[in-house]
Amino acid sequence: ARRIITDYLATDPDSKTNRLTTEQFFRLLGKDGLFVLQQMALNLGDIPASYLSIAMRNVGEHWIEENQDHNLIVDEKQPLKNFKSV
């Protein structure tokens, strides 16, 4: 599955240097994400799966930033202490 997705990513005509590397993309996807892309390739075909893979890698930085922001929000929320219900 990794080889197929790597081949898809290699077809990206955009040569941005500030995007995720292939290894970072695979870590971000995890096993479940890789499985989903593999199943899409098998069931829908190479072209839709390759476009999706490239698009997902291009927005990967945004996913990471969003996740970090969410974690900060969750960390800032503290349970109420010394709260008495009426």
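No lab work stands behind these numbers, since they all come straight from the coordinates. All of these numbers come straight from a predicted model, not from anything done at the bench. When we count neighbours, we look across all protein chains shown, and the Cβ atoms used for this are built from the backbone with ideal geometry, even at glycine.
The table that follows gives values for the structure above.
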read-out: Selection within the stretch 11-32 - within 17 Å of the chain's Cα centre (by Cα), without any contact (Cβ under 8 Å) to a residue 40 or more places away in the chain and surrounded by fewer than 16 Cβ atoms within 10 Å (Cβ to Cβ); value: Thr21, Thr22, Glu23, Gln24, Arg27, Gly30, Lys31, Asp32
read-out: Answer residue from the stretch 42-67, given it is hydroxyl-bearing (Ser, Thr, Tyr) and in contact with a helix residue (DSSP H, G or I) (Cβ under 7 Å, 6 or more places away or on another chain) and is farthest from Leu28 (Cα to Cα) among those; value: Ser50
read-out: Verdict on Phe35 being of a type in the set (A, V, I, L, M, F, W, C), in contact (Cβ under 8 Å) with a residue 24 or more places away in the chain and loosely packed, with under 15 Cβ neighbours inside 10 Å; value: yes
